[in-house]
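Below is one structure, written out as structure tokens, with a few remarks after it.
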Amino acid sequence: MASDHTGPLAGFLPFEHAPYLDFSDPAVAQAQRNAFALVRRTHAGQTFPLLIGGGQAQGEGTFGVTNPGDTRETVWHFQNATPAQLGQAMTSAREAFEYWRFSEPLQRASIFMRAAELLRERRMEFNAVMVLENGKNWAEADGEIAECVDHFEVFARETLKWAQDKPVYPVPGEHVTTTYEALGVVAVISPWNFPAAIPLGMALGAIAAGNTVLWKPASETPMSSYLMIRLLFQAGLPRAVIQFLTGSDEVLGDPLVDHPGVRMIAFTGSREIGRRIYERAAKVQPGQRWLKRVMAEMGGKDATVVCADADLEAAALGIAQAAFGYAGQKCSACSRAIVEDRVYDEVLGKVKAHAEAMQVGLPESNAGLGPVIHEGSLERILGYVEAGKASATLVTGGSRAEGDLHGAYLSPTIFGDVHPSDPLFQEEIFGPVLTFTRARDWRAALDLANDSEYGLTGSFYSCDPQKISQARRVFHVGNLYVNRKCTGALSGTHAFGGYGMSGTGAKVGGPDYLFWFLQTKTVAQRY
């Protein structure tokens with residue numbers, strides 16, 4: 001296939017998203033089972049190091065990582081970094097910045113393209129690791145690893161685009177250029193629900209721009225990050241460009257955010273922690289010579305609006321998929337269905353049927369609905385459920401899933417007749433809990449959808465072009481999907497990031513994302 005690019009992307013093949021694996025093919029399914037066996041032979045039960053200054057390091061003790069699908073199993077162990085090791089990692093990252101910021105953009109892009117090839121070869125291994133530490137089923141894990149392949153391809157291209165000088169309006173007697181330069185050390189703080197794609201997207205943004213990274217994964221899911229970093233090293237990334245630290249919040253929480261050597265913090269997680277980071281980062285520490293930049297993505301309370309003229313079958317399927325995929329543990333998950341009164345009962349009935357048909361079971365067996373991440377999360381979710389039984393109508397679910405299950409499994413749960421002031425409607429629950437709310441008409445439904453502190457994703461189902469046009473203008477979210485589910489953003493196509501308390505507005509996988517990791521320099525030379 002010939003290249004269709006000119007300019008900085010000359011020589012690149014046209015971009016294509018990584019296709020998802022077809023696990024209905026017996027040969028593909030067997031290959032994935034074989035990958036689980038491989039991971040258990042090569043990784044299970046082992047202890048993995050910190051990565052500091054291009055080498056490996058042991059911390060002060062270790063912690064185990066539990067398989068959410070079967071909590072009787074501890075799958076692997078990681079280190080508890082010490083305060084001294086945080087300091088060592090920061091020193092190494094700052095030293096590496098002095099040469100990495102001057103690296104050739106083509107070198108960075110070539111590393112990313114090589115990493116994409118390596119990940120394609122090891123895709124099922126990475127799928128298996130994620131299932132075992134994160135609790136996704138095969139399709140959810142594979143979708144995330146496909147996104148990582150896309151990230152490598154997209155960021156390779158974006159690296160070269162942003163390396164170009166930007167045109168300016170001319171002035172007689174001067175040659176003027178506007179260029180972009182790296183910032184420094186970027187702390188990447190990532191969540192457990194997308195343990196590969198989210199930290200990788202933030203880290204690639206930093207590295208593509210010429211920054212170095214201190215990568216702190218969630219303690220529930222460090223292996224997905226560790227393997228991704230090792231893959232980048234295999235692809236040719238200098239080892240000191242990324243420092244990998246695992247451990248407690250006492251060492252890697254506030255002390256990391258407060259460190260005067262940190263130039264930027266890239267965070268994805270809860271609103272509570274995001275606000276804390278934003279506040280603490282605003283304070284200039286002794287020895288700090290800049291105002292820290294913070295990029296934060298902090299969740300959502302995402303709504304699907306269904307108009308009376310919509311394709312109700314498609315709407316019901318989209319709602320169910322977006323609400324219960326990965327047990328609702330996505331910042332983009334549909335947690336509110338807002339339906340015109342005329343079709344409310346019909347849509348609710350269809351979604352209820354989809355929910356009750358879902359198989360709850362072990363992620364490693366590729367069940368449709370797996371556990372939430374741990375018992376503490378389930379107890380928090382059940383608190384909302386118990387309160388909801390008094391304030392709304394429980395339609396289905398509402399209790400632990402039955403069967404021989406060893407984990408935090410909850411039946412898919414739907415509440416009807418939920419009032420807009422109810423915490424079920426307003427607060428991010430982060431589990432397989434869906435609310436239904438009636439709207440007198442489609443305009444009122446949009447108003448209800450916008451009645452939220454968040455503004456990440458939303459769906460709007462209608463066959464009326466005028467209604468769709470209005471929704472495109474007034475639905476206050478960063479990612480609006482029309483006549484499709486509100487999850488499943490594709491890197492490079494659906495630039496992802498939201499409004500309001502969903503974050504600072506950065507759009508990962510989009511054409512402006514790298515600007516967050518850069519600073520602008522203007523040089524005027526008289527002649």
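The values are calculated or read from the model by the stated rules, or taken from the named source; none is laboratory data. These numbers come from a predicted model, not from an experiment. Cβ atoms come from the backbone with ideal geometry, glycine included; neighbour counts cover every protein chain shown. Only protein heavy atoms, including side chains, enter the accessible area calculation; ligands, DNA and RNA are left aside. Shrake-Rupley method; radii C 1.70, N 1.55, O 1.52, S 1.80 Å.
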Exactly one of 339, 418, 395, 372 is under 21 Å from residue 141 (Cβ atoms) and either modelled with pLDDT under 95 or not in a helix (DSSP H, G or I) (or both), and that one is 372
Inside segment 172-190, the number of residues satisfying the requirement of being more than 12 Å from residue 522 (Cβ to Cβ) and open to solvent by 50 Å² or more (accessible area, probe 1.4 Å) is 1
Exercise. Right, residue 85: outside any strand (DSSP E or B) and surrounded by 20 or more Cβ atoms within 10 Å (Cβ to Cβ) or not?
Worked result: yes
Handout entry: Filter pass, residue 364 being without any contact (Cβ under 8 Å) to a residue 40 or more places away in the chain, in a helix (DSSP H, G or I) and out of contact with any strand residue (DSSP E or B) (no Cβ under 7 Å at 6 or more places or on another chain)
Key = no
Of the residues in segment 231-249, those that are surrounded by fewer than 16 Cβ atoms within 10 Å (Cβ to Cβ) and outside any loop (DSSP other than H, G, I, E, B) come to 234, 249
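Do we find a residue being within 14 Å of the chain's Cα centre (by Cα), within 13 Å of residue 204 (Cα to Cα) and of a type outside the set (A, V, I, L, M, F, W, C) anywhere in segment 156-177? Step through it out loud before you land on a result.
The first filter runs over segment 156-177 and keeps only residues within 14 Å of the chain's Cα centre (by Cα), leaving none.
Looking for residues that are within 14 Å of the chain's Cα centre (by Cα), within 13 Å of residue 204 (Cα to Cα) and of a type outside the set (A, V, I, L, M, F, W, C), one finds none in segment 156-177, hence no.
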Every listed condition ((1) charged (D, E, K, R); (2) outside any helix (DSSP H, G or I); (3) under 23 Å from residue 57 (Cβ atoms)) holds for residue 283 save (3)
Q) Any residue in segment 329-340 that is in contact with a strand residue (DSSP E or B) (Cβ under 6 Å, 6 or more places away or on another chain) and open to solvent by 40 Å² or more (accessible area, probe 1.4 Å)? A) no
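Regarding residue 172, is this residue of a type outside the set (S, T, N, Q) and under 26 Å from residue 60 (Cα atoms)?
The answer is no for residue 172.
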Self-check item: Verdict on residue 323 being more than 22 Å from residue 508 (Cβ to Cβ), open to solvent by less than 50 Å² (accessible area, probe 1.4 Å) and in a helix (DSSP H, G or I)
Solution: yes
For residue 424, the lone unmet condition from (1) in a loop (DSSP other than H, G, I, E, B); (2) open to solvent by less than 60 Å² (accessible area, probe 1.4 Å) is (1)
When (1) out of contact with any Asp or Glu (no Cβ under 7 Å at 6 or more places or on another chain); (2) part of a helix (DSSP H, G or I); (3) within 30 Å of residue 16 (Cβ to Cβ) are applied to residue 103, the one that fails is (2)
Filter segment 13-63 for residues that are among the β-branched types (Val, Ile, Thr) and exposed (fewer than 14 other Cβ atoms within 10 Å of the Cβ); the one that is nearest to residue 366 (Cα to Cα) is 42
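In a strand (DSSP E or B), open to solvent by 10 Å² or more (accessible area, probe 1.4 Å) and either at pLDDT below 95 or not charged (D, E, K, R) (or both), is that true of residue 520?
Judged against the criteria, residue 520 is a match.
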Do the conditions hold for residue 289, that is, is it within 29 Å of residue 202 (Cα to Cα), surrounded by fewer than 18 Cβ atoms within 10 Å (Cβ to Cβ) and in contact with a helix residue (DSSP H, G or I) (Cβ under 6 Å, 6 or more places away or on another chain)?
no
Filtering segment 410-441 for residues that are over 16 Å from residue 454 (Cβ atoms), of a type in the set (Ser, Thr, Tyr) and in contact with a helix residue (DSSP H, G or I) (Cβ under 8 Å, 6 or more places away or on another chain) leaves a count of 1
Reported set for segment 201-234 where residues are aliphatic (A, V, I, L, M) and closer than 18 Å to residue 100 by Cα is 202, 203, 204, 206, 207, 208, 209, 213, 214, 229, 232
